[in-house]
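Report on the following structure.
Derivation of every value follows stated rules applied to the coordinates shown; laboratory data play no part. Model, not experiment: these values are computed from the prediction. Reconstructed Cβ throughout: ideal geometry from the backbone, glycine too, with neighbour counts over all protein chains shown.
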Amino acid sequence: MVGKAVIGIGFGDEGKGITTDFLCSRSRNPMVVRFSGGHQAGHTVVLNGVRHVFSNFGSGSLRGAPTYWSKYCTVNPVGIINELNVLNGKGITPTLYIDEKCPITTPYDMLHNRMIEEVNLHGSCGVGVGATIEREEKYYSLQFGDIYYPSVFKIKLDEIRKYYSFKEDVDLTEFIECVELIKENKNIQPTDGLPLYNNHDELIFEGSQGLLLDATIGFFPNVTRTNVTTKNILDMGYSPKVYLVTRAYQTRHGNGAMTNEQIPNNIKVDDNETNKKNKYQGEFRRAILDLDLLKYAINKDAYIKNLKHKSLVITCLDHVVDDYRFTYQGQIIFSSNQNEFVRKISKILNIDDVYISESNEADNIKKMVLKEVCEMSKVIN
């Protein structure tokens with residue numbers, strides 16, 4: 001079975017959702033596989049006038065592609081049901097397979113996450129992903145498969161309450177109700193591993209965050225506890241073709257290192273930006289691209305570094321009109337137009353299979369044929 005991996009190479013918000021949707025549109029019968037992170041993702045997809053921000057379902061859902069939530073991902077029952085209701089309201093009935101080994105995020109994890117984030121200011125989304133993983137590592141485990149054993153579920157949930165030692169009661173009503181709704185929903189199924197019996201032609205591995213937020217690559221302490229490199233995909237037995245995604249500029253939510261903020265820019269502010277300001281993450285920051293960071297991120301993932309053939313996806317090019325600049329080796333590199341801008345980035349990163357996006361719809365993504373001379377504007381749809 002063919003596999004394609006969508007990997008963000010920045011600090012997140014690169015365009016992984018639109019790229020996943022694009023790859024699904026080019027496959028006859030795809031399945032989206034979430035292999036890292038969890039419900040903290042915010043991947044925006046627009047299709048035929050329908051706009052949705054995916055957190056608990058794969059970004060191919062608008063096209064009918066089912067999602068497999070692997071054991072490497074956290075699960076939020078409340079988030080699943082809330083998002084499912086929104087999708088149903090848009091006429092979408094998604095299919096979701098959840099590995100029985102997925103850790104469940106409880107209201108206790110979310111409350112703990114928010115309490116410590118108000119002190120540490122590490123840039124967390126405040127939805128409990130990191131707290132859940134930390135708790136699991138200490139053997140206070142609650143996994144998705146446990147919801148089908150009521151007595152086990154109750155015991156484990158109570159042990160988690162004791163683990164956090166909250167002085168005030170935490171309301172579990174909505175959480176319990178959503179767990180029951182999931183058990184009743186025929187389109188949400190538990191699995192023991194990847195459900196290959198569906199005979200899907202292609203697996204689209206959708207990344208959760210950018211490589212520069214990975215704990216082994218990024219800049220501690222403003223990193224995620226989850227592994228967002230290709231490691232989990234390889235551990236699942238797949239060697240996918242890789243699509244590396246970046247905006248035409250840098251972005252970052254909240255605190256943490258980011259270069260080039262001292263350089264004035266004309267980057268367009270998108271009024272429809274997803275999660276422009278999160279109470280716990282902080283402000284949404286922008287700066288011109290730094291190719292040192294992108295090369296670093298790519299080379300720190302050994303599988304990606306050694307791939308002879310990989311693809312680059314540059315999104316949000318419509319946000320940098322008349323401001324085609326980036327930095328490399330401490331110098332500002334100027335370009336006179338979009339084609340030159342893309343060609344220079346491609347050459348420095350040594351990737352000649354390049355796709356570009358100038359809108360928020362995957363159907364408008366273009367593949368560019370790069371040439372060292374003249375224009376390189378030939379478009380292949």
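Worth pointing out:
- The charge dipole of the chain, taken about the Cα centre with unit charges on the Cβ atoms of Lys, Arg (+1) and Asp, Glu (-1), comes to about 880 debye, rounded to the nearest 20.
- Packing order of peptides 301-314, 6-19, highest average first: 6-19, 301-314 (average count of other Cβ atoms within 10 Å over each peptide's residues).
- Asn306-Ile155 pseudo-label distance in nm [points 7 Å out on the Cα-to-Cβ vector]: 4.4 nm
- Among 47-58, 96-107, the order from most to least packed when residues are scored by Cβ within 10 Å on average: 96-107, 47-58
- Beta-bridge orientation, the chain: approximately 35 percent antiparallel, per DSSP, counting only bridges with both partners inside.
- The slack between Ser336 and Glu168, meaning 0.36 nm per residue of separation minus the straight C-alpha distance, is 54.5 nm.
- Cross-link pairs Lys241/Lys347; Lys16/Lys90; Lys4/Lys156 - those with Cα-Cα distance over 27 Å: Lys4/Lys156
- Annotation: peptides 174-183, 322-331, 62-71, ranked by per-residue average of other Cβ atoms within 10 Å with the highest first, follow the order 62-71, 174-183, 322-331.
- Calculated on the alpha-carbon coordinates, the convex hull of segment 107-191 measures out at 118 cubic angstrom per residue.
- Between the helical axis of 16-25 and the longest alpha-carbon principal axis of the chain there is an angle of about 80 degrees.
- Only one item in (1) 25.9; (2) 18.7; (3) 21.8 matches mean projected area of the Cα convex hull in nm² derived from the coordinates shown, and that item is (2).
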